[in-house]
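Each remark here refers to the structure printed beneath this line.
The values are calculated or read from the model by the stated rules, or taken from the named source; none is laboratory data. Everything quoted here is computed from the prediction, not taken from an experiment. Don't worry about glycine lacking a Cβ; one is built from the backbone with ideal geometry, like all the others, and counts go over all protein chains shown.
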């Protein structure tokens, strides 16, 4: 990806740590939660590799084509999760499958121009996106980041009888707030990558 080297490495570090947490979470979960954690780990690792500054490390030939295949398959899996065949098994998880589908397609969208640029000797310079598609993805991820961030902010509540203020937030003691924070990190990273298109 294009951009300053320092911000590229920060993006790599955040995505790698997020992916590592998702792998740990995958070991603790079962069923649909385990599949979600696995999908998020793949997305985080993929974004970490994509975020490595091209001026520092030249990607091997065929990497971006492999990305397109891997994330195309991840998109097909997310689409399967949205289908009616699995609706009964995955009740309430349709929106997350939809988000995985958008994320996977966004990764394919960014990898295809990079694969073309690698073939012409301009690896690391994506710049081949369609403005309308890039804009739609930026809006999607911008709204997602704002909504997810707002859910993580503690809210002050005043008890009417006593007049005391209690701060409530997303911390339920079960780790869901950390999962939400990891998803927020990946959405911000996706925004940063899309801005280079």
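Would you check if there is a residue in segment 27-36 being in a helix (DSSP H, G or I) and farther than 22 Å from residue 75 by Cβ?
So the first thing to find is which residues in segment 27-36 are in a helix (DSSP H, G or I), and the list is 27-28, 31-36.
Now restrict to residues that are farther than 22 Å from residue 75 by Cβ: 27-28.
There is at least one residue in segment 27-36 that is in a helix (DSSP H, G or I) and farther than 22 Å from residue 75 by Cβ.
Please find, within segment 36-59, the residue that is surrounded by the most Cβ atoms within 10 Å (Cβ to Cβ) out of those that are at pLDDT 85 or above and closer than 18 Å to residue 115 by Cβ. Before the answer, list the steps.
Taking segment 36-59 as the starting set, the residues that turn out to be at pLDDT 85 or above are 36-52.
So of that shortlist, the ones also closer than 18 Å to residue 115 by Cβ come out as 46-47, 49-52.
Details: 46: 22, 47: 27, 49: 16, 50: 24, 51: 23, 52: 18.
Checked segment 36-59; the qualifying residue surrounded by the most Cβ atoms within 10 Å (Cβ to Cβ) is 47.
Which of the residues belonging to segment 38-58 are in contact with a helix residue (DSSP H, G or I) (Cβ under 7 Å, 6 or more places away or on another chain) and touching a residue at least 40 places away in the same chain (Cβ under 8 Å)?
Scanning segment 38-58 gives 39, 40, 43, 44, 46, 47, 50, 51, 52, 53, 55, 56.
Within segment 89-98, does at least one residue satisfy the condition of being surrounded by 13 or more Cβ atoms within 10 Å (Cβ to Cβ) and at pLDDT 85 or above?
Yes.
For residues in segment 1-30 being closer than 11 Å to residue 41 by Cβ and free of Cβ contacts under 8 Å to residues at least 40 places away in the same chain, which is farthest from the chain's Cα centre (by Cα)?
The residue in question is 27.
Let me spell it out: the conditions are (1) in contact with a helix residue (DSSP H, G or I) (Cβ under 7 Å, 6 or more places away or on another chain); (2) part of a helix (DSSP H, G or I); (3) at pLDDT below 90, and residue 117 meets all of them except one. Which number is the exception?
(1) is the only condition that residue 117 fails.
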